[in-house]
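Just below is one structure, and these are the notes that go with it.
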Amino acid sequence: MTAYLKLDHIDKSFARGGQVSEVLSDIRLTIDKGEFVSIIGHSGCGKSTLLNLIAGLTKVSAGAVLLQDKEVDSPGPERAVVFQNHSLLPWLTVYENISLAVSKVFGRSKSKAERHEWIMRNLDLVQMAHARYKRPAEISGGMKQRVGIARALAMEPKILLLDEPFGALDALTRAHLQDAVMDIHSRLGSTTIMITHDVDEAVLLSDRIVMMTNGPAATIGEVLAVPLTRPRRRVELASDRTFLRCREAVLKFLYERHRFVEAAE
Amino acid sequence: MSIQTIEDTNVKAFPAKPAEVIALTAKARRRFEPMAIAGRLASTLVPPIIVIALLLVVWQVACSSPTSSLPPPSQVWNEAYDLIAHPFFDNGPQDIGLAWRVLISLQRVAIGFGLAAVVGVALGALVGQSIWAMRGLDPVFQILRTVPPLAWLPLSLAAFRDSNPSALFVIFITSIWPIIINTAVGVRNIPQDYRNVALILRLNPFEFFVKIMVPAAAPYIFTGLRIGIGLSWLAIVAAEMLTGGVGIGFFIWDAWNSSRLPDIIVALAYIGVTGFCLDRLVAAVGAFVTRGTTAK
């Protein structure tokens, strides 16, 4: 069986002013359909670069990203991204932001009424239908991120890419959104890759956690499977042995074996 | 005297008063108050009225001597009363009110500036979007934009062989530069996030232009349009002086040739007020169109 998404010996280096800096080196990973994978690592280890490579926003220097055996070399709606800072267009309402994506992706295949229904279904999924006439400036950070998720889901992507989606939110809002993402994942079974630097978040949400070594030339240090049954509840997991063991494994990787050293430049 | 005794005496010096109930009077409530509105009006209107009155007095005193070369305000009022009181009279092809002349000039500005806005935004988008277009075109723009409006006039008269298209061309070429430059800056400043959204949605260049670029750069574009309309109003008066016709610029030239100085002064006031209104109009349209876009 071939993998759904395959990262095949990926290298990425940036050239700036004659100086070449290698960011990622020899990344090898396969992800199955429906899997939820987190990528965790210290800041500057190239996690976001890796996500941009999968999204097609950045081109690989060597190797290939293969989605269902087809090489990815440009961005497209089948790999929808939820950006850290939501990236909603401020001159459009919540509804119009999603409508822009829906009419581009389903403009030919769905009728106008079907598109409207699809937009509303996705807004309902993130519980934001009530704010559909508001502009992004009029809603809170957590609500913006919900709309960002709805916009990505509305493209019906093969892979959902989350780039530190909860990084800019307060702890309570973050917990709410994590629950929402878990709920959506269990309902839609969407293949998801999430960048995070939050250990608890990674263990709570993921089927597998990919731990990155520090840059330059960062690579995958270890992949940890999280054998927790779903649905998962954060309160019960707080004292669950498997949860604590996974958490400890990630913490050990990040803070003992690959401690982040502030570069003395 | 110890600290303790000082405190004691102080405390005794201020016996506690029984609490008072302070009734909220009707004045404390917010409601329609003609006095307050009149006060606000006065504070914005009175200072400029005083300054204008003082300037008129100084002018009157300075120009009252019989040897003075310029007319005092009283003479302007008496001799140009027809122009001031009847802006819309129409006594035949060359004898029309100043409002008509302003409207004819405005029509020229509308055509020239309208063309400049369309071409300027398109060129600005190109220069802002493509690094090679910028490298190639920016030096040319930077040199051409310093050419004074009237320096273009002989060339355009030679090219168009008619005064009306020449005047339009002068307006166009004067007002296009700030529109191009501001649009280019606005396009260059579109956040990468919006570009990424467009890339993921695979918007084609036209969709990107309409749905992302124009709204994102709108505040910059309107800054350019506002500078542009001011410049085109400057240019039209100068161009009409030389090309003739029935615009407000030619009226001034005509009045000078027949030594009607009071008429010129009234025309200047018309030009100033119209220019001010144009500027405010573009600013208001800009504020309406870009509402909500600048907020994060």
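Within segment B:192-219, can you find the residues that are more than 8 Å from chain A (Cβ to nearest Cβ) and not in a helix (DSSP H, G or I)? Once the filter is applied, which keeps residues that are more than 8 Å from chain A (Cβ to nearest Cβ) and not in a helix (DSSP H, G or I), segment B:192-219 yields only B:N204.
Given B:F208, B:F251, which one is surrounded by 19 or more Cβ atoms within 10 Å (Cβ to Cβ), more than 20 Å from A:W91 (Cα to Cα) and among the aromatic types (F, W, Y)? Going through B:F208, B:F251 in turn, just one is surrounded by 19 or more Cβ atoms within 10 Å (Cβ to Cβ), more than 20 Å from A:W91 (Cα to Cα) and among the aromatic types (F, W, Y): B:F251.
Considering segment A:24-88, the qualifying strands (runs of 3 or more DSSP E), each wholly inside and each with 3 or more residues that are out of contact with any Cys (no Cβ under 7 Å at 6 or more places or on another chain) and within 14 Å of another protein chain (Cβ to nearest Cβ), run over A:79-82. Here the condition is being modelled with pLDDT of 60 or more, aliphatic (A, V, I, L, M) and in the same structural domain as B:R260 (by TED's automatic domain parsing); of B:I37, B:I50, B:I96, it holds for B:I96 alone. Taken residue by residue, segment A:128-138 has at least one member that is away from chain B (no Cβ under 14 Å) and within 21 Å of the chain's Cα centre (by Cα). Do we have B:N164 as within 14 Å of another protein chain (Cβ to nearest Cβ), of a type in the set (S, T, N, Q) and surrounded by fewer than 22 Cβ atoms within 10 Å (Cβ to Cβ) here? So B:N164 does not fit the description; no.
With respect to (1) buried (at least 19 other Cβ atoms within 10 Å of the Cβ); (2) within 11 Å of another protein chain (Cβ to nearest Cβ); (3) out of contact with any strand residue (DSSP E or B) (no Cβ under 7 Å at 6 or more places or on another chain), the lone exception for A:R146 is condition (2). For the criterion of being under 21 Å from the mean Cα position of the chain (by Cα), within 30 Å of B:R195 (Cα to Cα), of a type in the set (A, V, I, L, M, F, W, C) and crowded, with 17+ Cβ neighbours inside 10 Å, B:A117 passes.
Just one of the numbered conditions (1) touching a residue at least 40 places away in the same chain (Cβ under 8 Å); (2) crowded, with 16+ Cβ neighbours inside 10 Å is not true of B:L70: (2). Residues that are closer than 30 Å to B:V246 by Cα and either of a type in the set (V, I, T) or outside the structural domain of B:F222 (by TED's automatic domain parsing) (or both) within segment B:160-190 comprise B:V170, B:I171, B:I173, B:T174, B:I176, B:I179, listed in sequence order. Restricting attention to segment B:155-166, does a residue exist that is more than 25 Å from the chain's Cα centre (by Cα) and in contact (Cβ under 8 Å) with a residue 40 or more places away in the chain? Yes; the residues of segment B:155-166 include at least one that is more than 25 Å from the chain's Cα centre (by Cα) and in contact (Cβ under 8 Å) with a residue 40 or more places away in the chain.
Count, please, the residues in segment B:226-236 that happen to be touching a Pro at 6+ places or on another chain (Cβ under 8 Å) and surrounded by 24 or more Cβ atoms within 10 Å (Cβ to Cβ). Of the residues in segment B:226-236, 2 are touching a Pro at 6+ places or on another chain (Cβ under 8 Å) and surrounded by 24 or more Cβ atoms within 10 Å (Cβ to Cβ).
Looking at A:N97, A:N122, just one residue is within 10 Å of chain B (Cβ to nearest Cβ), touching a residue at least 24 places away in the same chain (Cβ under 8 Å), closer than 19 Å to A:E156 by Cβ and not in a loop (DSSP other than H, G, I, E, B), and that residue is A:N97.
Scanning segment A:59-91 for residues that are under 16 Å from A:L162 (Cβ atoms) and touching a residue at least 40 places away in the same chain (Cβ under 8 Å) yields A:P77, A:E78, A:R79, A:A80, A:V81, A:V82, A:F83, A:Q84, A:N85, A:H86, A:S87, A:L88.
Out of A:L100, A:L92, A:L57, one residue alone is over 30 Å from A:R28 (Cβ atoms), crowded, with 19+ Cβ neighbours inside 10 Å, aliphatic (A, V, I, L, M) and in contact with a Leu (Cβ under 8 Å, 6 or more places away or on another chain). It is A:L100. Residue under question is B:A239, and the condition is that it be in contact (Cβ under 8 Å) with a residue 60 or more places away in the chain and assigned to a helix (DSSP H, G or I); does it hold? Yes; evaluated as a whole, the condition is true for this residue. Condition first: in contact (Cβ under 8 Å) with a residue 40 or more places away in the chain and surrounded by 10 or more Cβ atoms within 10 Å (Cβ to Cβ). Can you find one or more residues in segment B:47-67 that meet it? The answer is no, given that none of the residues of segment B:47-67 is in contact (Cβ under 8 Å) with a residue 40 or more places away in the chain and surrounded by 10 or more Cβ atoms within 10 Å (Cβ to Cβ). Answer with yes or no whether B:N182 is surrounded by fewer than 22 Cβ atoms within 10 Å (Cβ to Cβ) and out of contact with any His (no Cβ under 7 Å at 6 or more places or on another chain). The answer is no for B:N182. Comparison of A:K134, A:K144 shows that the only residue that is in a helix (DSSP H, G or I) and under 26 Å from B:I190 (Cβ atoms) is A:K144.
Consider B:R280 carefully, then state whether it is closer than 30 Å to B:L126 by Cα and at pLDDT 90 or above. For B:R280, the condition - closer than 30 Å to B:L126 by Cα and at pLDDT 90 or above - is met. B:L261 satisfies every condition listed in (1) within 24 Å of the chain's Cα centre (by Cα); (2) surrounded by fewer than 20 Cβ atoms within 10 Å (Cβ to Cβ) except (1).
The values are calculated or read from the model by the stated rules, or taken from the named source; none is laboratory data. Note that the structure is predicted; figures quoted are calculated from it, not measured. Cβ sites come from the backbone with ideal geometry, for glycine too, and all protein chains shown count toward neighbours.
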